[in-house]
Structures are given as C-alpha cells and as structure tokens.
Amino acid sequence: MGRPFVHLHVHTEYSLLDGYCRLDRLAEAAAGMGMPAVAMTDHGAMYGTIDFYKACEAAGVKPLVGCELYVAQRTRFDRVAKQDDDPYHLTVIAENQQGYSNLLKLVSAGFTEGLYYKPRIDEELLARYNSGLIVLSGCIAGQIPRLILANNLAEARSLAAHYRDLFGKGNFFLELQDQRIDGQRQVNRALLEMARGLDLGVVATNDAHYIRREDARVHDTLLCIQTLKTVDDPDRMRFPNDEFYLKSGDEMAGLWWDHPEAIDNTLAIAERCNVTFDLGKVFLPHYEIPPGHDADSFLRHLCMERIASRYPDPQPLHLERLEYELGLIKRTGYAGYFLIVADFVDFARRNEIPVGPGRGSGASSIVAYILGITNICPLTYNLQFDRFLNPERVDPPDFDIDFCYERRDEVIKYVFEKYGRDSVAQIITFGTMAARAAVRDVGRALNMTYAEVDRIAKLIPFGAPTVEKALEMSPELADASASDAAVKDLLDLAANVEGLPRHASVHAAGVVISPDAITEHVPLHRTGDGVVMTQFGMDTLKEIGLLKMDFLGLRTLTVIDHAVKLIRHSTGRDFDIETIPLDDPEVYAMLQHGDTLGVFQLESSGMRDLVREVKANCFEDIVACVALYRPGPMRNIPEYVKAKHSQVRHYLHPLLEPVLRDTYGVIIYQEQVMAIAHIMAGFTLAQGDMLRRAMGKKKKEIMDEYRAKFVSGCIANGHPEELAGKLYDLIEEFAGYGFNKAHTAPYGLLAYQTAYLKCHYPVQFMASFLSSIIGDTDKIARYVEECRRLNVAVLPPDVNRSEANYTVEDGKVRVGMAAH
C-alpha cells in the first residue's frame, strides 16, 4: 500500500468555493491509499464536521477534526482597512474531546467577535482555549513563515517558542510544505533549523484542496466562481500549479526523503487524536419548572388545567388519549420540549400574534391541542400520535409552528431573550449548485457569452437533478455536447461542481435551543449583517442531539387576521374566524365552481380543476384535495374521484370502513396505513408507523420482511391468508405515496377559512389579500381583476405602490388609509 502517511492539512468542499474534496470521496481516497486517518481543516469554519466524521467511519479511516484558523494581525476587535484584512493562517487539530470543545469556541468567536472579511481569532483566545489541541505553524501564509520571508528570523524563533510553551511540549509542530512555490525552500530551511534549536517536531503537509492532480482545473474554476472572475483574467487569484492534491504516502515520502521524521510525525499525531461523537444522545433545552413539580408533573398539571377550554365535558376517549400521550412523553423524556413550545406559543397568543392551527405531525397530539400549540382536535380527524412520537424509534419530536409572517420575528426575539442568547441560534443552510445553476456559474467563469450559456442552461429540463441525467432526458442537449467541444467542456465542468455547497445563509424558519451554551455542542457562524446561526445544518443538529424548532412565517395567517379586523371594523360585529361553521353550503358551491383564486392551497389551476372534479361538499374533501395535489400522491387522484362519485364503496373488510370511510375506500393518508396494520394485523400504532416508513423507502428486503409480519399478524387475528396478501398489496401500492393527514387537516382548515372569507366577506378579504402582495406586480394585476369580478372596487392611488396599505371604506377597497 506504499509508505504510511496521514494528510493533516486538507480543504474539503466546506472551504466554500475553494475546496474540491467532497467528503465521501476524500475518505474513500484516503482509505484507498492505505492511510489510517485523514484530517479536515477548512478555512475558518467547521461546517462539515459531522458529515466528515460519518464518511470516515464508513470508509474505515480515522477522522481528524480540525480547522485552518485565521489569526488577526493585532486583535480580533481591530478593523482597519489594509491593516487588519490579511490575517495569518494557523492549522489546528483537536486531539481529544477537550480540544474539540476548545476548537468549537475558537471557531465560534472568530465569527461572532472577530469577523472582518474573514472570521479571525487572536492571541487572547488562543491563550484561553489552548488545551487538547495539536497546532501546526501553517502554510506560507502563517505568521512564522511570513516572518521568515521578511528576514525577521529572531521574531519567528521567538513566536515558535511562545507557541511551544502556550500549547505544551509536543503539541506544537512546524509545518513543512513543498508545492514548488516561491519562498517555500527558504521557509523550510529556516523551520528545520528552528526545530533543532527549539526541540520542536516538524510535520509534512500538502495543503490539499482537491483529491487528484487532474482536479486542479475544477478547483481553479471554483476560485473564479468565488471571486466573480474569469479564467483568462490575468489579475485574478489563482494557485501557481497543480500540486495541491491528496498525494500518496510514497509521493510525500519522496518529497521529504531526507526528513523522514516529518512523515512519521503525521502518523504519531493521527494516533494521538481521538475525537468521537455520540450521535444517539439528546440535549433537551432547559425549561424553568415551578417549585413542587418536575417537567412531567407540570406538563400534566397544565393539561388538566386547560382541558376544559377544549373539552368542556371531557369524555373517556379524550382522557384515555391524554393519558397515553403523557405516558409516552414521560417515557421518552420530552416533557420539557412540549413546555417550551407551549410557552412561546402562549407568548404569541397573549400578544395577538396569529398562530397557525397546526403543521406537520405535531397536530396529531392531544397534549399539543389542549396546550394551545395546535388548534385542531386530533381525535376528530383520526390523527395518530405515534406518527409524531414513535416509541419504536425515538426520533426527537419536531414542532413546526406557523406565525403571522409580519410578526414572526417577535416570537423568535422572545425565545432569544427568555432562554439566553448564548443558548439560542438560528440555523444555517447551504445553497448548492444544481445542474442549471452550475452551468451558468461555470459558463461565466469560462468567459462564455451570456447568450450561449443561457441557451445551454435552458436545454436542461426542469427537475433534472444532475447534468448527467439532463443529457439522458434532453436529446438536444446531448447533441450540443457531442457536436461542440466547448459545450462538452462546459457540461463536464458543471457536472464536477454541481451539488457543492456554494454559500451559507440563514434557514428560513429553524431555531435551535441548547440546555447550556450552544458552543458546547456546535460552532457558530455570523452573517455580515449580524445574524448568528449554527454552522451545522438542520439534519446535523438533530444527529448531535439538539432540538430544532421551526418558526415559519405564513402570509395566509396575516391575510386572515387583517380580514377579520376589517370585518369587525366595517360591520361592528365581534366576528371570530374560529367559530365559523365547516359545513356552509355557499362555501362549497363556490369551490365546486372553481372560484378559488386567493383561497389558500386551492388557487392553482390544477387544484381548481381537482376541486371541481371532486365536487367538494365537505371538509374532508378539502383535506383530501390538499393531500392529493402533490407529486407522488397525484397518481391516486383518478382513483379518489372515481370512488367519490361511485354509489358503491370497497373496503375489502368491514373492519376497514371506519378507517377509509372519509376517503371513500381509497388510502390517501399515512395514518390510514398505520390504522390498517393495527386493526387487521395486530401491529401497535408505532409498529404501523414503522411499516409506513419502510414502504416509503421501497427497499425490497425490508418490504418482504414486513409482508411476512403483516400476513402472519392477519392470520393470527383470524383473517384468511389470501385477504392478508391483498391488503398488503393494497397498502403497499398506496403507502409510498400517502401523505401526512396531520399536516393536511390544519392546512385544509386554513383553506376553508379563506374560502369562507372570500365567499361571505369578499371586500374585506380581497382588501387584506391585496395588502399582503404589495410589490408583486403580476399578482396584483390578477387579484385586482378578481376584485372587479366580485364587484369590489379598487380606488386610487396606484395599486403597485410598494408602501400602499389596502383598507375598506364604504364597501370599497381603498389604498393608503388606516382603517384599524
């Protein structure tokens, strides 16, 4: 396998637009070259840490977690142009858990305190967080190499001695690199002499930015995309050659044949480094419990205190469901999570900030309904709690809450203030280069004309996930590639960069709350305008055990709220949208005519056709339409329409009638799959949810295993084997495309509420709707036309004015007036 060696200075895809080492390929390449470990040392950040760790574990190499830190020339707080905008580089690797913890804090402070073009740390931070770290002196942009090149050898030696003492003997190494760069030989000679005089170790690295030598051109293209330059620009940033790849142990040993200790030390360092992650733990945020209670008893206390507001005369089925949920919440340890969500929803309601009736599987909880987190009874709509919190697979529950889009930030601010800014952060998300975007980015970098790049980009079909797939889907694109070498080169380069993270931004809704300082668990990032967010994305936060919550801004809630206020103002009535009847025949007549423009979820042309075709005449029809009109479930539309208008219902067994009655015998919802498995095969509802998940993944071996369990369960319950097989075939056909009713029922409610407002209060509703779309010229034109159709007059000034407010006076829509 060649000379043993470990790369300790590597830039992955998360050195954004400057690293072309994809994490999985990096781990596989290191394993393929027989390397026992490999490091990740991205520029100033640790975005990819957990994915890197998992990739290395899968490939059988040890992950070394590190970072190439930027060290301020003076302090991290100094920000003087041309003096503080060129920090030094320092390579740092965590030796143990203490070192990883310190690295999190260093990287976080670089962003939250030292950000000036780049995230910078300083001497004071290095002194504070110096334990458990192995530190290398850095590339030619490091402070010691720069001092050597400036012939300040005494100062360079003094700094090396200082770092030796600061980090501890054996923890600071002088970093040798040879990519044939001007000045490197001078630096290396001085470093080797310094090492002898100060009793310091030396270590060879290659500052790898890509895996194979031939990847240098792709990396160069990334640099052009990053700097908005073209490849033929003589003044752009570029690497001097193609030597910055993941060289083999033999290649590195050949470079440093006269200093084998520099190779051996990479192995010794890798042997010393042992950072691990327990990805099974959960770190619940802390909720202040009143004296005399723990989280579980206080949650129960609140439920019993509030149950009468939902059920004035609670029936046994309500109390049984409540006891079941409270027991499961206690068993899984999530009482505090429910209390925290209830607390910030209470804040919103106290401050008259509109809150949605529910979203996602959280609406299946009667505890959430009683606490006011959701506003739709799960028993009324047969919503299964095990879809939200499954004891067979204890994933953290996940409440997604809709708020008025104008006031959502007030709720987030409350959470920051209540739980402490050190413990709360918004969540990062990464923009990636999809096929079309990759073609446009690469085309600009290659200095191709806009017209040519636009022509090629438009040949990529919408929905094509990759350039390769696009070539299969589009004969015209394939012909262009085959006949034109420049087009083929463009597509080849685009295929290489597609999927790479391009930039970081703030997730639209995600917020995470930690039980302690958030930097104990995750590094932080700060945007240029001061928003602090985690460096790990939403899925990674879940893996490391932090609970995220989604604070979503929903414009429809704002429209409803404004419309209700306008109705109260213009009619003098104490109108309450929560008490409207759900069986109003005039509303359903309007929907059956396809008059749904402005109606939440139902206004697209396809949805209008579906509502007309179904002839929706009850609330369950609206819920079903919301579930069906999505990619995947759409295939069930003909079956549902046929069943709706048929005089005969097919249930396969009488026991299934209660489960499938509302959908006319057709399986639409995931909850129905769970219920069928429970009733017919004796599965628990939690096991039914596991079956539903397995069917969604469509893995044959797992499906066959569940088929055997389902059939045997049916037989044990006295059902014929033939019927069991037919039932399994039926649910297998539909389950992969089933939708979560706990999401569509609340959204169906919002759809009905907006339909009711449009039907009975068109002036106030359209006034509110127009107010919500200011600035969207195309939409305004459509909805002004709808106003005219409804005999709702739109008065001047011009409806396109971005500062306009739409209100109602004398039965007409007015602009720029304050009505409430």
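A few remarks follow.
- Whole-percent carbon and sulfur share, accessible surface of the chain, 1.4 Å: 50
- Once the Cα gyration tensor of the stretch 566-686 is diagonalised, semi-axes √(5λ) in Å: 31, 18, 14
- Residue order by solvent-accessible surface for Tyr117, Tyr369, Tyr324 is Tyr117, Tyr324, Tyr369, largest first, with ligands and nucleic acids left out and a 1.4 Å probe.
- Computed lengthening from Met473 to Gln186, 0.36 nm per intervening residue step minus Cα-Cα distance: 97.8 nm
- With all protein chains modelled, accessible area of Asp529 [1.4 Å, Å²]: 130
- Candidates Ala470, Thr540, Ala486 compared by Cα position along the dipole of the stretch 441-556: farthest toward the positive end lies Thr540, with charges placed on Cβ.
- Crossing angle, helix 619-628 versus the chain [Cα axis fit, 0-90 degrees, rounded to tens]: 30
- Cα-centre dipole for the chain with unit charges at Cβ (Lys and Arg positive, Asp and Glu negative), debye to 20: 720
- Modelled spin labels at Asp584 and Lys615, positioned 7 Å past Cα toward Cβ, are 2.3 nm from each other.
- Here is the P(r) of the stretch 222-312: all C-alpha pair distances, binned every 10 Å from 0, give 11, 16, 13, 16, 11, 12, 15, 5, 0 in whole percents.
- Annotation for the stretch 333-379 versus the stretch 167-232: alpha-carbon center distance of 54 Å.
- The Glu520 and Val648 beta-carbon pair, evaluated with R₀ = 60 Å, returns a calculated FRET efficiency of approximately 0.45.
- Percent of beta bridges antiparallel (DSSP, the chain, rounded to nearest 5): 55
- Remark: spin-label model distance Ala482-Asn351 equals 6.2 nm, labels positioned 7 Å along the Cα→Cβ axis.
- Percentage, to the nearest whole number, of Cα pairs in the chain over 42 Å apart: 45
- CD proxy at 222 nm, helix term only [per DSSP H run n ≥ 4: -39500 (n - 2.57); per residue of the chain; nearest 500]: -15000 deg cm²/dmol
- The stretch 487-572: C-alpha gyration tensor shape, a/c 1.5 cut-off, then a/b vs b/c: oblate
- The mean sequence distance of close C-alpha pairs (under 8 Å, at least 6 residues apart), as a share of the length of the stretch 375-528, puts its relative contact order at 31 percent.
- In this label model, Leu198 and Leu279 are separated by 3.9 nm, measuring between points 7 Å along each Cα→Cβ vector.
- Straightening the chain between Ser712 and Ala154 buys 192.8 nm, computed as 0.36 nm per residue apart minus the Cα-Cα spacing.
- The stretch 311-398 shape via C-alpha gyration tensor axes, a/c threshold 1.5: oblate
- Separation of alpha-carbon centers, the stretch 608-674 and the stretch 422-463, rounded to whole Å: 39
- Ellipsoid semi-axes in whole angstrom, largest first, where each is sqrt(5λ) of the Cα gyration tensor of the stretch 1-117: 29, 14, 12
- Stokes-Einstein translational diffusion, the stretch 524-595 - Kirkwood Rh over all Cα pairs, 1.002 mPa s, 20 °C, in µm²/s: 126
- Only Lys, Arg (+1) and Asp, Glu (-1) charged, at Cβ; the stretch 568-634 dipole about Cα centre in debye: 240
- Cα gyration tensor shape of the stretch 165-285, rounded if a/c is under 1.5, else prolate or oblate by comparing a/b with b/c: oblate
- Of every Cα-Cα pair in the stretch 461-619, the percent that sits beyond 28 Å: 61
- Residues Ser309, Ser364, ordered by accessible area of protein heavy atoms at a 1.4 angstrom probe radius and largest first, appear as Ser309, Ser364.
- Its Cα gyration tensor gives the stretch 666-765 an equivalent ellipsoid; the semi-axes, largest first and in whole Å, are 37, 13, 10.
- Among the listed pairs Lys565/Lys758; Lys54/Lys542; Lys229/Lys469; Lys758/Lys779; Lys565/Lys615; Lys642/Lys758, those beyond 20 Å (Cα-Cα): Lys229/Lys469; Lys565/Lys615; Lys642/Lys758
- Considering only Leu326, Ile370, Leu389, the residue lying farthest towards the positive end of the dipole of the stretch 318-390 is Leu389, judged by Cα position with unit charges set on Cβ.
- Compactness relative to 2.2 N^0.38 Å, alpha carbon Rg of the stretch 386-515: 1.55
- Taking every protein chain into account, the 1.4 Å probe leaves Thr49 with about 0 Å² of accessible area, to the nearest ten.
- In this structure Lys642 has an accessible area near 150 Å², from a 1.4 Å probe over the protein heavy atoms.
- Relative contact order for the chain: 11 percent, from Cα pairs under 8 Å spaced at least 6 residues apart, divided by residue count.
- Ordered by 1.4 Å accessible area with all protein chains kept, Arg612, Arg440 run largest first as Arg612, Arg440.
- Ranking Ile567, Val10, Ile134 by how far each Cα lies toward the positive end of the dipole of the chain (charges on Cβ) leaves Ile567 at the top.
- The stretch 197-316: relative contact order in percent, alpha carbon pairs under 8 Å with at least 6 residues between: 25
- Translational D in µm²/s for the stretch 61-200 (Stokes-Einstein at 25 °C, 0.890 mPa s, Kirkwood Rh from C-alpha pairs): 160
- Note on the stretch 432-498: Rg/Rh from C-alpha atoms, Kirkwood Rh, equals 0.91.
- Computed over protein heavy atoms with a 1.4 Å probe, the accessible surface of the chain works out to 41 Å² per residue.
The values are calculated or read from the model by the stated rules, or taken from the named source; none is laboratory data. Keep in mind that what you see is a predicted model, and the values were worked out from it rather than measured. Reconstructed Cβ throughout: ideal geometry from the backbone, glycine too, with neighbour counts over all protein chains shown. Just so you know, the surface numbers come from the protein's heavy atoms only, side chains and all, with ligands and any DNA or RNA stripped out. Shrake-Rupley method; radii C 1.70, N 1.55, O 1.52, S 1.80 Å.
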